[in-house]
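Asks: Below is the structure I would like to discuss, written out as structure tokens.
Only the coordinates and a few stated rules stand behind these numbers; no lab work does. These numbers were taken from a predicted model, which means no experiment stands behind them. Cβ placement follows ideal geometry from the backbone for every residue including glycine, while neighbour counts extend to all protein chains displayed.
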Amino acid sequence: MEAALRFYCDLLGFRALTEVTVNDALSAKLLRLPGVDQRTVFVERDGVRLALFALRAPPIRNAGRVRDMNEAGMVALMLRVDDLDATLETLRGAGVRVLDETRVDHPAYGSKLVFVTDPDGMLVELIEIPGDPYTPFGKTIAR
């Protein structure tokens, strides 16, 4: 948990909101983890709220494993940064794994993108892109 808080709060600008211990029968049922003992810390940045989990029981599986992009389910989180190169310099200095082979400077959008991993192996795509930070790039979807 401390490594995750350093990564998300100290390095990427999230702020810690609240924390809770989860270790009751209802939580065990919901999470499908008998005997669960978990610390959850909620963090937020730019309206994005994440729940960071630290399991004390049962034992962690696949720790640090970076999932492939073609696996089903959520495999990555995208975060916008103001200056990708400066952010990467800070992250490297803190020992964060930067996947340099994924670096793309995309001229059509004037953007720079690269993947890093959080302390648990979660892919985090960092993007620097000009314009309104609240309007995602691409075509508008009418639904």
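Asks: Tell me which of Val22, Phe7, Thr135 sits at the most positive position along the dipole axis of the chain, charges placed on C-beta atoms (Lys, Arg +1; Asp, Glu -1).
Replies: Result: Val22, furthest along the dipole toward the positive end.
Asks: Taking amide H positions as placed 1.01 Å from N in the peptide plane, with prolines and chain starts having none, which residues 5 or more places from Ser111, or on another chain, fall under 5 Å of its amide H?
Replies: So Ser111 has HN proximity to His106.
Asks: In degrees between 0 and 90, to the nearest 10, how far off the longest principal axis of the chain does helix 84-93 point, with axes built from Cα atoms?
Replies: 40 degrees
Asks: Checking the a/c ratio against 1.5 first, then a/b against b/c, what shape does the Cα gyration tensor give for the range 1-61?
Replies: Prolate, because a/c is 1.5 or more and a/b exceeds b/c.
Asks: Mind listing which GluC sites (Glu not before Pro) in the range 15-93 are in a DSSP loop and have 13 or fewer other Cβ atoms within 10 Å?
Replies: Counting only loop positions with at most 13 other Cβ atoms within 10 Å, the GluC sites (Glu not before Pro) in the range 15-93 are Glu71.
Asks: Still on this model: HN-Hα J couplings of the range 34-48 from phi, Karplus 6.51/-1.76/1.60, θ = phi - 60°, integer Hz, Gly and Pro as x?
Replies: Whole-Hz 3J(HN,Hα) from phi for the range 34-48: x, x, 4, 9, 9, 9, 10, 10, 9, 10, 9, 8, 6, x, 9.
Asks: Over the chain, with a Gaussian network built from C-alpha contacts below 10 Å, which listed residue (Asn62, Asn23, Asn70) shows the highest mean-square fluctuation?
Replies: Asn70
Asks: Let me ask you something else. Put a dot 7 Å past each Cα toward the Cβ at Leu99 and Asp37; how far apart are the dots in nm?
Replies: 3.4 nm
Asks: Take every DSSP beta bridge with both residues inside the range 63-143 and express the antiparallel ones as a percent of the total, to the nearest 5.
Replies: 70 percent
Asks: In addition: Using a 7 Å offset from the Cα along the Cα-to-Cβ direction at both Ala63 and Arg143, what is the distance between the two label points in nm, to one decimal?
Replies: So the label points at Ala63 and Arg143 sit 3.8 nm apart.
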